[in-house]
1. Give L88, L108 a once-over and let me know the one that is closer than 17 Å to V38 by Cβ and either in contact with a strand residue (DSSP E or B) (Cβ under 6 Å, 6 or more places away or on another chain) or in a helix (DSSP H, G or I) (or both).
2. If you scan the range 82-132, which residues turn out to be of a type in the set (S, T, N, Q) and touching a Phe, Trp or Tyr at 6+ places or on another chain (Cβ under 9 Å)?
3. Step by step: first the residues of the range 141-154, then only those that are under 19 Å from H82 (Cα atoms), open to solvent by 50 Å² or more (accessible area, probe 1.4 Å) and not in a helix (DSSP H, G or I), then the one that is modelled with the lowest pLDDT. Which residue is that?
4. How many residues does the range 28-48 contain that are open to solvent by 20 Å² or more (accessible area, probe 1.4 Å) and touching a helix residue (DSSP H, G or I) at 6+ places or on another chain (Cβ under 6 Å)?
5. For R70, work out the one condition from (1) under 22 Å from L142 (Cα atoms); (2) assigned to a helix (DSSP H, G or I); (3) over 19 Å from the mean Cα position of the chain (by Cα) it doesn't fulfil.
6. Cβ-Cβ under 7 Å, sequence separation 6+ or interchain: first residue in the range 39-56 and in a helix (DSSP H, G or I), partner aromatic (F, W, Y) and surrounded by fewer than 16 Cβ atoms within 10 Å (Cβ to Cβ). Which pairs?
7. Suppose we filter the range 103-140 for residues that are open to solvent by 60 Å² or more (accessible area, probe 1.4 Å), free of Cβ contacts under 8 Å to residues at least 40 places away in the same chain and either in contact with an Asp or Glu (Cβ under 8 Å, 6 or more places away or on another chain) or of a type in the set (D, E) (or both); how many remain?
8. For the range 61-79, name all the residues that are touching a Pro at 6+ places or on another chain (Cβ under 6 Å), of a type in the set (A, V, I, L, M, F, W, C) and open to solvent by 50 Å² or more (accessible area, probe 1.4 Å).
Amino acid sequence: DAGGAVCSPFLPDEVGKRWHFPARNTLIAAMAELTVVVTAASRSGALDTARKAHRQGRRLAAVPLSPGCRALVDGGQAQPVHRGADALALLSGEAPAPPDLDEDSAALWSALEEQSSSVDDLAAALGFTVARTAMIALKLELRGLLTQVGGLYRRLG
């Protein structure tokens, strides 16, 4: 026998119902060493599980490409991860590796290491035009590596 377990707050012959999912999510969150939310709408069962994991003091990570995942990362509840190796690094206590970036993107990424900045300030610091800086920032934002709030860019990783 390979082992395994079935965990449920319900009896074995109980038919699944919509309102059973929150109880199931509580068990999932409690059992996982690290909960990784890959995609989530602004309101979703995945966010319910993430909130439960966070409340239980469990580690939480999210791929910041969907609205729900970005909200978890922006709110400081989840660590951003971009690939499976990032989640494995978190499990082993290591910091996720920086993303693979071209030279211009790496320069912008490094410039945002300490604090949030506007596109104008980033352009001045990097010696790029505002248009070039905005294009690089947009590329990083689409990859889920940056976010912009109130006209300021900040890293998600």
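The values are calculated or read from the model by the stated rules, or taken from the named source; none is laboratory data. The structure displayed is predicted, hence computed values, not measured ones. Cβ sites come from the backbone with ideal geometry, for glycine too, and all protein chains shown count toward neighbours. For the accessible areas, the whole protein counts, side chains as well, though only heavy atoms, and no ligand, DNA or RNA atoms are used. Shrake-Rupley method; radii C 1.70, N 1.55, O 1.52, S 1.80 Å.
1. Details: L108 fails: closer than 17 Å to V38 by Cβ.
Only one candidate passes the filter, namely L88.
2. First, the residues of the range 82-132 that are of a type in the set (S, T, N, Q): 92, 105, 110, 115-118, 129.
Residues satisfying the conditions are S116, S117, S118.
3. If we filter the range 141-154 for residues that are under 19 Å from H82 (Cα atoms), which is where we start, we get 141-148, 153-154.
Applying the additional criterion that residues be open to solvent by 50 Å² or more (accessible area, probe 1.4 Å) yields 141-143, 148, 154.
If we keep only those that are not in a helix (DSSP H, G or I) as well, we get 143, 148, 154.
Details: R143: 84, Q148: 88, R154: 88.
Checking each candidate, the answer is R143.
4. Quick first cut of the range 28-48, residues open to solvent by 20 Å² or more (accessible area, probe 1.4 Å) only: 28, 30-34, 36, 38-39, 41-46, 48.
Right, trim to touching a helix residue (DSSP H, G or I) at 6+ places or on another chain (Cβ under 6 Å) and you get 28, 34, 36, 41-42, 44-45, 48.
The qualifying residues number 8.
5. Among (1) under 22 Å from L142 (Cα atoms); (2) assigned to a helix (DSSP H, G or I); (3) over 19 Å from the mean Cα position of the chain (by Cα), R70 violates only (3).
6. Short answer, once both residue conditions are applied: G45/F21.
7. First, pick out the residues of the range 103-140 that are open to solvent by 60 Å² or more (accessible area, probe 1.4 Å): 103, 110, 113-115, 120-121, 124-125, 127, 129-132, 135, 138-139.
Remaining after also requiring free of Cβ contacts under 8 Å to residues at least 40 places away in the same chain: 103, 110, 114-115, 120-121, 124-125, 127, 129-132, 135, 138-139.
Going one step further and asking which of them are either in contact with an Asp or Glu (Cβ under 8 Å, 6 or more places away or on another chain) or of a type in the set (D, E) (or both), we end up with 103, 114, 120-121, 130, 132.
Number of matching residues: 6.
8. First, the residues of the range 61-79 that are touching a Pro at 6+ places or on another chain (Cβ under 6 Å): 64, 70, 73.
Of the ones still in play, those that are also of a type in the set (A, V, I, L, M, F, W, C) are 73.
None - no residue of the range 61-79 is touching a Pro at 6+ places or on another chain (Cβ under 6 Å), of a type in the set (A, V, I, L, M, F, W, C) and open to solvent by 50 Å² or more (accessible area, probe 1.4 Å), so the list stays empty.
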